[in-house]
Amino acid sequence: DAGVIQSPRHEVTEMGQEVTLRCKPISGHNSLFWYRQTMMRGLELLIYFNNNVPIDDSGMPEDRFSAKMPNASFSTLKIQPSEPRDSAVYFCASSLDRRMNTEAFFGQGTRLTVV
Amino acid sequence: SQQGEEDPQALSIQEGENATMNCSYKTSINNLQWYRQNSGRGLVHLILIRSNEREKHSGRLRVTLDTSKKSSSLLITASRAADTASYFCATALYSGGGADGLTFGKGTHLIIQP
């Protein structure tokens, strides 16, 4: 397996534009997580899915953020409209087990810059 | 919110020395995991220790867990330049029917001087 695949690796967009980040988890993994990493706040859990169903989205900062998982092999994180403070590295991770009795596998991240 | 807090925030040692990083957390956990992140890359899992375990080894890594003190430590022995990275502890919280994802601390940035 190629691991967790995220696209794009880098995204530069203007304030107010819609941004869509994509993630393909490892085949067979039941849980998928979206994290945001900044220097100030570290790694923040935004939302996670179990068997394609959103379980906890309490970490989503605002209504401008939304996430979907239409099937077991694909998830998106959308920001609309984007703002400069959304600039961060966004990571997707997947795991066999929602209970985290096994490790999480991370993608390489999407570095988002909103200007 | 941050569940785990690593200490120190930064650590610089000479190659060959041992590096020790600590992690404290606040609530009951299912397990605790350590991850490494090289600059500009994703996180890589190092080791998982369950709440009923006290110590675990993997190669040059040694992890301890003290649930009474809500703390863990990661020891890297005989450090190498390639160990330069940020190290994070992550806790899997126990809540009713199961844990709810991993919560990370802000990490310890380790620099190994050649």
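Summary of computed values
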item: Qualifying residue in the range A:12-30 (condition: surrounded by 16 or more Cβ atoms within 10 Å (Cβ to Cβ), touching a Leu at 6+ places or on another chain (Cβ under 6 Å), modelled with pLDDT of 95 or more and more than 23 Å from residue B:39 (Cβ to Cβ)); result: yes
item: Selection count, the range B:32-42, where residues are modelled with pLDDT under 95 and within 12 Å of the chain's Cα centre (by Cα); result: 2
item: Qualifying position, being surrounded by fewer than 21 Cβ atoms within 10 Å (Cβ to Cβ), over 18 Å from residue B:103 (Cα atoms) and within 13 Å of another protein chain (Cβ to nearest Cβ), among A:71, A:101, A:51; result: A:51
item: Residues within the range B:1-26 that are touching a Ser or Thr at 6+ places or on another chain (Cβ under 8 Å), assigned to a loop (DSSP other than H, G, I, E, B) and over 24 Å from residue A:90 (Cβ atoms), tallied; result: 6
item: Any strands (runs of 3 or more DSSP E) falling wholly within the range B:31-114 and containing at least 1 residues that are touching a His at 6+ places or on another chain (Cβ under 6 Å); result: B:85-95
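The values are calculated or read from the model by the stated rules, or taken from the named source; none is laboratory data. Since this is a predicted model, take the numbers as computed values, not measurements. Ideal geometry is used to build each Cβ from the backbone, glycine not excepted, and the neighbour counts take in all protein chains shown.
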